[in-house]
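Colleague: First the structure, which I've put down as structure tokens, then a few questions once you've had a look.
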Amino acid sequence: MHKAGFVNIVGNPNVGKSTLMNALVGERISIATFKAQTTRHRIMGIYNTEEMQIVFSDTPGVVKPAYKLQESMLNFSTSALIDADVLLYVTDTIESPDKNSDFLAKVSKLKLPVLLLINKIDQTNQEKLIELVETWKELIPKAEIIPISALSKFNVDYVLKRIKELLPDSPPYFDKDQLTDKPARFFVNEIIREKILLYYDKEIPYSVEVVVEQFKEEAKLIRIHAVIYVERDSQKGIIIGKQGKALKKISTEARRDLERFFGKSIYLETFVKVDKDWRSSDKELRNFGYQLD
């Protein structure tokens, strides 16, 4: 009998959800950087074997919304509690267990199986880990608690084994050779945005959105024309940098990653445009693919 189902990954920012999904799916589906709020959309990664299909969904970190963009991100995370067959709640050995108690209260009321994964166990000792497990048992009594390290893949195989056991019998939801539900352009946006997250400080990365205006695939080459939108003229100047050096560095690094991702040569052109206050505009957020309702 074939098994298939939806496994949604939720938790606070920076606990390692994207790293975990990449370890589970075995492909670099979600961008994973050290900055909070890296993931802005729900990104599906699909794990296939002959007798099974797991549709993983990585969601944005749970934040108390300060502007429209963050409201959209919270909608993605909250909706992930409703449409899952198994929920992976990811925490780590650093964050306080009572952080975001409203969201935790929703998780504790769920009827579906919850695997509570304590990530980054290499950053603590046995005694503190035991205390942490006890605290989580009180907070979400029905959850099965599994200590892991997503980065070094410790216990990731065991998580996969438990998911397989909990999945319902079902035919596959997607083609067996499909790795994600997102189009190629989406990953171009994400890879360029990842470079911006890595190279710029403070508010800049969170004021940026990337749009691919042209994606033309030829036999051995992909031509990509991407626009980096910012909210202020001053941010445009920072992204471009002196004599265009900063933008050139981003483009070069992104092109290298895109060539690895698509397995083809990439011709990448990047431009920077100002779109004032796009993060607070319903119309602009919808244009950029965010879910507002």
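The values are calculated or read from the model by the stated rules, or taken from the named source; none is laboratory data. Since the model is a prediction, treat every value here as computed from it, not as a measurement. Methodologically, a virtual Cβ is constructed for each residue, glycine included, from the backbone with ideal geometry; neighbour enumeration extends over all protein chains shown. Quick note on the areas: whole protein, heavy atoms, side chains included, nothing else; ligands and nucleic acids left out. Shrake-Rupley method; radii C 1.70, N 1.55, O 1.52, S 1.80 Å.
Colleague: May I ask you to verify whether L74 is at pLDDT below 90 and of a type in the set (A, V, I, L, M)?
Modeller: Details: at pLDDT below 90: yes; of a type in the set (A, V, I, L, M): yes.
Yes, satisfied.
Colleague: While we're looking at this one, here's another question. Return the total of residues in region 1-24 being open to solvent by 10 Å² or more (accessible area, probe 1.4 Å), under 26 Å from F261 (Cα atoms) and part of a strand (DSSP E or B).
Modeller: First, the residues of region 1-24 that are open to solvent by 10 Å² or more (accessible area, probe 1.4 Å): 1-3, 6, 13-14, 16-19, 22-23.
This time we only want the ones that are under 26 Å from F261 (Cα atoms), so: 6, 13-14, 16-19, 22-23.
From what is left, the residues that are part of a strand (DSSP E or B) are 6.
Residues flagged as open to solvent by 10 Å² or more (accessible area, probe 1.4 Å), under 26 Å from F261 (Cα atoms) and part of a strand (DSSP E or B) within region 1-24 amount to 1.
Colleague: Evaluate the following for A84: is it within 17 Å of L167 (Cβ to Cβ) and modelled with pLDDT under 80?
Modeller: no
Colleague: If you don't mind, there's one more thing I want to ask. Give region 109-164 a look and list any residue that's open to solvent by 100 Å² or more (accessible area, probe 1.4 Å), in a loop (DSSP other than H, G, I, E, B) and without any contact (Cβ under 8 Å) to a residue 24 or more places away in the chain, or say none.
Modeller: K109, K111
Colleague: Among the residues of region 83-98, what is the count of those that are in contact with a Phe, Trp or Tyr (Cβ under 8 Å, 6 or more places away or on another chain), open to solvent by 20 Å² or more (accessible area, probe 1.4 Å) and touching a residue at least 60 places away in the same chain (Cβ under 8 Å)?
Modeller: Total satisfying the criteria: 2.
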